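Just below is one structure, and these are the notes that go with it.
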Amino acid sequence: MCRLLVARFTGEKIESAGEVLNAFIESSKRDPYLERVSGNRYSAHDDGWGIAVVGYGDNPSIIYHRMIEPIYFENSLRVLDLINKRIQRYKEVYLLIHSRKSSRNEPYGLEYTHPFMRLMENGALWFAHNGGAKKEELARELGVYPWIRVDSELLGYYIMGNIGDCLSINDDLDECVRDAYVKGLKYIPENSGYNTGLLALTSRNTSLYISHKVAGNPSQALLDYYKIVVYTSDEAVIAGSITIKEYLPSKVSEQFKTWFLEPGLYSIRGKEILLITKL
């Protein structure tokens, strides 16, 4: 169980990136939805975090950083402050951030923090996931040993691998992402989330995707936990785990149109978030 957020900022709205990041930090420090769904056993997403950013001046520039410390620890806050200062130098920003809450059966360490990255011949992909995946089935499909891998990592490499293979014969990124996500759905267990963020840099172009789905017949508490809230304006699109809504200052949120995502795979394009396919 984790928290994730994707965002695109342009113009004056880039200045709000710091407040959005702060809301994400606080949502990871104390999450009332996690408390509810865990029966008050857990309240924090404290097993590491990571961020991937593509910023534009004249050319695309990458920020990619992961840490094992909780996102709300002092060292993490210093790093995120540096990253936000870097973000303020760009004219356009695409961002994916994730904080991890791992189960006791999953590996723990820096390399198991999200987002996971896959290099391609003409670009790169970054993937983050909130939910579970059928690890042993994915390991067999990928031909790897499962117990030194994270379930979300294997799901990510499966999806990113399918996208990369598709792009070698088809230059329609949306179609390749859609097909990969439809294939990936079969590896989501009952009562688990298919909430993901995908950041893609191909040639000089950046694309940003978010998916939302809860498989099976989940409880209302679980459905609430996995909700994705969306904020849109002319210069920004923000979509992420519902807990962000509890911490984003009203002076920021009032500048946006707000709603919740229906299950599906979406692309953030300009000032819009567009449905690519239902899930």
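The values are calculated or read from the model by the stated rules, or taken from the named source; none is laboratory data. Just so it is clear, the structure is predicted and the values come from calculations on it, not from any experiment. Glycine gets a Cβ as well: all are built from the backbone with ideal geometry, and neighbour counts include every protein chain shown.
Quickly run through region 4-55 and pick out the residues that are polar (S, T, N, Q) and in contact (Cβ under 8 Å) with a residue 60 or more places away in the chain. Within region 4-55, Thr10, Ser16, Asn22, Ser27, Ser28 qualify.
Report whether or not Ser99 is at pLDDT 95 or above and in contact with a Lys or Arg (Cβ under 8 Å, 6 or more places away or on another chain). Quick ask: steps written out before the conclusion?
Numbers: at pLDDT 95 or above: yes; in contact with a Lys or Arg (Cβ under 8 Å, 6 or more places away or on another chain): yes.
Criteria met by Ser99.
Just one of (1) farther than 21 Å from Leu223 by Cβ; (2) surrounded by fewer than 22 Cβ atoms within 10 Å (Cβ to Cβ) fails for Gly156. It is (2).
Tyr90 passes every criterion in (1) in contact with a Gly (Cβ under 6 Å, 6 or more places away or on another chain); (2) aromatic (Phe, Trp, Tyr); (3) closer than 24 Å to Glu190 by Cβ apart from (3). Return yes when Asn191 is in a loop (DSSP other than H, G, I, E, B), under 30 Å from Glu141 (Cα atoms) and out of contact with any Cys (no Cβ under 6 Å at 6 or more places or on another chain) and no when it is not. Yes; evaluated as a whole, the condition is true for this residue. Residues of region 262-279 being among the basic types (Lys, Arg) and in a strand (DSSP E or B), which ones? Result: Arg269, single match. Out of all the residues in region 215-223, is one or more under 23 Å from Ser61 (Cα atoms), surrounded by fewer than 16 Cβ atoms within 10 Å (Cβ to Cβ), at pLDDT 95 or above and not β-branched (Val, Ile, Thr)? Looking through region 215-223, none of the residues is under 23 Å from Ser61 (Cα atoms), surrounded by fewer than 16 Cβ atoms within 10 Å (Cβ to Cβ), at pLDDT 95 or above and not β-branched (Val, Ile, Thr).
Pairs meeting the criteria (first residue in region 148-165 and farther than 15 Å from Leu185 by Cβ, second residue at pLDDT below 95 and among the small types (Gly, Ala, Ser), beta carbons under 9 Å, at least 6 apart or on different chains) are Val150/Ser102. If the condition is being buried (at least 16 other Cβ atoms within 10 Å of the Cβ), over 20 Å from Ser38 (Cα atoms) and either at pLDDT 95 or above or out of contact with any Ser or Thr (no Cβ under 8 Å at 6 or more places or on another chain) (or both), then region 241-255 contributes Tyr247, Leu248, Ser253. Note on region 109-143: among residues that are among the aromatic types (Phe, Trp, Tyr) and under 21 Å from Pro189 (Cα atoms), the one that is farthest from the chain's Cα centre (by Cα) is Tyr112. Of everything in region 36-54, what is more than 30 Å from Ile87 (Cα to Cα) and not in a loop (DSSP other than H, G, I, E, B)? Give them in sequence order. Of everything in region 36-54, those that are more than 30 Å from Ile87 (Cα to Cα) and not in a loop (DSSP other than H, G, I, E, B) turn out to be Arg36, Val37.
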